[in-house]
1. May I ask you to list the residues in the stretch A:25-42 that are over 21 Å from B:LYS200 (Cβ atoms) and in contact with a helix residue (DSSP H, G or I) (Cβ under 6 Å, 6 or more places away or on another chain)?
2. Taking B:ASP253 as the residue in question, decide whether it is modelled with pLDDT of 95 or more, within 14 Å of another protein chain (Cβ to nearest Cβ) and within 29 Å of B:TRP352 (Cα to Cα).
3. What number of residues within the stretch B:159-171 are touching a Ser or Thr at 6+ places or on another chain (Cβ under 7 Å) and surrounded by fewer than 21 Cβ atoms within 10 Å (Cβ to Cβ)?
4. What is the residue count in the stretch B:188-222 for residues that are among the hydrophobic types (A, V, I, L, M, F, W, C), outside any strand (DSSP E or B) and more than 23 Å from the chain's Cα centre (by Cα)?
5. Take B:SER181 and tell me if it is hydroxyl-bearing (Ser, Thr, Tyr), surrounded by fewer than 18 Cβ atoms within 10 Å (Cβ to Cβ) and either at positive phi or away from chain A (no Cβ under 14 Å) (or both).
6. Quick one: which residue in B:VAL83, B:VAL63, B:VAL91 is part of a loop (DSSP other than H, G, I, E, B) and in contact with a Phe, Trp or Tyr (Cβ under 6 Å, 6 or more places away or on another chain)?
7. One residue is enough: does the stretch B:130-140 have a residue meeting the conditions touching a residue at least 40 places away in the same chain (Cβ under 8 Å), acidic (Asp, Glu) and farther than 24 Å from B:ARG377 by Cα?
8. Can you tell me which residue among B:ALA445, B:ALA523, B:ALA465, B:ALA439 is in contact (Cβ under 8 Å) with a residue 60 or more places away in the chain, part of a loop (DSSP other than H, G, I, E, B) and not β-branched (Val, Ile, Thr)?
Amino acid sequence: MAIRSLTVNGKRVPVTYNDPQTPLLYVLRNDLGLRGPRFGCGLGQCGACTVHIDGVAVRSCITPLSTVDVNKKIVTLEGLGTPEKPHRVQKAFIDEQAAQCGYCINGMIMESAAFLAKNKKPTEAAIKDALANNLCRCGTHARIVRAVKRASA
Amino acid sequence: MNIQISRRDALLGSGALIVSFALAGSSAGAQAQGAAKPLALTEVDSFLAIDKTGKVTVYSGKVDLGTGITTALRQIVADELDVPMNRIELVQGDTLLTPDQGKTWASVTIQIGGMQLRQAAAAARQALLAEAAKKLGTDNLTVADGVIMAGGRKKVSYAELIGDKNFAIKLDPKQPVKEKSPKDYKIVGKSTPRVDIPDKVTGRFTYMQDFRVPGMLHGRVVRPPAIGAKIEKVDESAVKKIPGVARVVREGDFLGVVATSEWDAIRGAEALKVTWSKSETLPDQAKLWEHVRATKMVKEDTTSNVGNVAEALTKEGAKLRKATYDFAIHTHGSIGPSCAVAEFKDGKLTSWSASQATHDLRKQLALMLGLSPDKVRCIYVEGAGCYGRNGHEDAAADAALLAKAVSNPVRVQWSRADEHGWDPKGPPTLADLQASTDAAGNVTAWDSVFYIPQAGPELNVGLVAADLAGMPTAKVSFPGNIFQLSAIPYKFPNVKTVCRRLETTPLRPSWIRTPGRMQNTYANECFFDELAAAAGADPLEFRLKYLDPADKRGIEVLNRVAELAKWEKRPSPKKAASGNVVKGRGVSYTKYELVRTYVGAVAEVEVDRSTGRITVSKFYITHDCGQIINPDGLKNQIEGNVIQTVSRTLMEEVKFDRSQVTSLDWKSYPILKFPEVPEIVIELIDRPTEKPWGAGEPAAAIIPSAISNAVFDATGVRLRSIPYTPAKVLAAMQAT
């Protein structure tokens, strides 16, 4: 058993592990008790596990723990905002009622928050392209695009 | 606005209201000490409780599968009781606490489950009013926010009247309690924000996949490489080197690894060296439809029979048209793979899962483990969107077997390959259709045969773990009521529709969203379009011509979708256009199961004739499901129906070799992505004074045919095999 320090949602936290190849997703969910990042495929294909590492949207299910250290700033959905004080992207998703089951929504919000940080006034087509590798099965796409647009306004 | 109610009205409203709960009621505290909570569908207490703070607890046997239905159910109860939404808590799908209202399926949660809740709330409200009338000494009462008032001064709250006591009121479906008049609804019919979304977008919501219990271990099942393969040898040596692995569990051919951490369980399962027997039980996928046609039939269900089809088809001068349609095997495709937690304590099993039917799962787990059902409690925890019977029940069975073996609670999280490979599938559907027309193009006969799997005697799908372990479970899985909508809504003089129920189907079947209704309507609504084209008629007018003229709501739906889409009256196909990319439009219609929700759809598509690629650019939907509870929630569901089914139509197909499913991820089983999603225009027809019907499935029934008919309109080529991959489209164009 080994110990490593991470910086998650602004706090320095120690985590223990048996295997340095453990995907970051399992550490965040099972060791740190976070619920924002979700297990969807473990293959980097669906986006449900997305977190920010130094502001970049990353698939935590294929990010080995060994590649992340205390100097990298990890932000999860919980670190963006709370029901009481939501981030503007989260608020836009509430305003547009942009969820059905909501399982993919972590990825949609994390991906679009990182995208909007670099693209202030994106077109609808640009939003769709930015989310092209985030899968939603319930068919909430139109609302999600509207929410991202609203957050960019 | 408050509602004036006289005590006399309240008492006359229900023959059942003879018991005074204040006297008969027992303390809810007594229940906590062991007295069982009522679960019968004939008791108000099964559905509702009000505590001393005025909090209303709704006990719903129907569960939220990610549709937002629990917001709608709260709306129904809040309005009927005149309490604010935020005073309602909802307990769902717990076999110890919630009544068995049947599985959450078939788009009946509002229609049946919601109406049972409305009756319970109406009965509770009447009893509360009657009690208040006694207390306040007057019949002229108003209710607001759970407080009953006489004039402006005297008042008594629900909490004071009933707080923590039982209602002890019987419900009799034959003598329904008088409900509020629809004109007095304040919450029903309004786009109320969903209660779960703030938590879901901030990471505070507890999905099944987040659920944990103290002392819990993580389990992983080692799946056979072939359906029906048997274990020949297990070598545990490599697993023992992995720290954290607690146990290898074997029960027949069921094999699993349990570890202290999820990742160690995954590594352990991968490290386990297992020798399996060879097994090739599946047909050659390239010859799937020959296989389906040749499968032994166990019975033939005639789902409609009008006039004399055989005679009409062979009548002199009758013009015959025949076509065969097929719809591939599909998976549910939940974004979160199935997950469950099981705990054994004192010989009793508690199972947490996202099962659509905890009361049925309870019986299935009890049967599998040889327990009495009263030793099993199943509790629903919402998972990722579930559009039918996917892997949740199987994950629950996996967890139960592992937990039994190790005596700690065990959580089982399926992998993506588990879900794509082992969830039960929407079975392959094959339909032969023929029809005759007279010289003027009038349809004289319609004759169809659907090849679909038989239905087992239980309404359940056999559990994978039980099969592997050699434990009892349903031998023939129930595929859903897939005969539905093999019959048609059109009034031809001669109609015969038949379902040939087949003994087997290649992969374990279950009900995917809109089961049978989607595949059958696809064949019917496309073939109907073929007849319209053959008659040189506008396909929308041709539908109106054959609808029952007395069915005004159906006619209105079609007329309104025509207006919404600015439908141009003309026969299909469109006149040949030049260039590679051609555009077309198609219409489709359903009256769901021929008795409820009406939906009309118009699709606009573009077809690239050089690549065979179809782009669905726009969908118009007109939807009448009677009384609408939550218009925005309803729109959300309809949008979901459209997008999910566009995906099914264009690209989805489960792939397999002779041994097992080979499409085990999102690359080999792709679904629709953002840039491919059509614009959707929805018109809701609200009928507040009619019964509310379901909306979770009906729109999906007509999406494939609307697309198919639009492709025909654009190209003159009729596609009859789903999915419409570019390769198939190119082949169909070359063949024409």
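The values are calculated or read from the model by the stated rules, or taken from the named source; none is laboratory data. Because the structure is predicted, anything quoted here is derived from the model rather than measured. When we count neighbours, we look across all protein chains shown, and the Cβ atoms used for this are built from the backbone with ideal geometry, even at glycine.
1. Within the stretch A:25-42, A:TYR26, A:VAL27, A:GLY42 meet the criteria.
2. The answer is no for B:ASP253.
3. Residues that pass the stated criteria total 3.
4. So the answer is 5.
5. The answer is yes for B:SER181.
6. After applying the criteria, what remains is B:VAL63.
7. yes
8. None of the others qualify; the one that does is B:ALA439.
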